[in-house]
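The values are calculated or read from the model by the stated rules, or taken from the named source; none is laboratory data. Since the model is a prediction, treat every value here as computed from it, not as a measurement. Glycine gets a Cβ as well: all are built from the backbone with ideal geometry, and neighbour counts include every protein chain shown.
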Amino acid sequence: MKINLKMVYDDDEVTVFIAPDEKETEEIIKKMLAERAMTTNEIHEALNNLASDDRIRRILRRLMEEGKIEMDSKTRRFRLVS
């Protein structure tokens, strides 16, 4: 999955992007879970340097409370609820 971030600076040595805010991170996570079920660690690896582990866990907890995602208790994988 390709994540589109706003580029603020680019030269021959470095490219700087703005990290997603809470709402953008939530949308990214929902898109990822729509493609396949994932563990917290898999989500964190995909969002490495973009979102902290705490932010990811907070978003997953909120999405579960809202009934938008569910977690398989055996595999510990989250999936989007249809």
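With respect to the stated conditions, E65 fails to be acidic (D, E), modelled with pLDDT of 95 or more and under 11 Å from the mean Cα position of the chain (by Cα).
Has region 51-62 got at least one residue that is within 18 Å of P20 (Cα to Cα) and out of contact with any helix residue (DSSP H, G or I) (no Cβ under 9 Å at 6 or more places or on another chain)?
Scanning region 51-62, I find at least one residue that is within 18 Å of P20 (Cα to Cα) and out of contact with any helix residue (DSSP H, G or I) (no Cβ under 9 Å at 6 or more places or on another chain), so the answer is yes.
Scanning region 20-48 for residues that are of a type in the set (V, I, T) and touching a strand residue (DSSP E or B) at 6+ places or on another chain (Cβ under 8 Å) yields a total of 3. Among the residues of region 7-27, those that are surrounded by fewer than 10 Cβ atoms within 10 Å (Cβ to Cβ), farther than 22 Å from A37 by Cα and of a type in the set (D, E, K, R) comprise D11, D12, E13.
Among the residues of region 25-44, the ones that are without any contact (Cβ under 8 Å) to a residue 12 or more places away in the chain and under 9 Å from the mean Cα position of the chain (by Cα) come to 1 in all.
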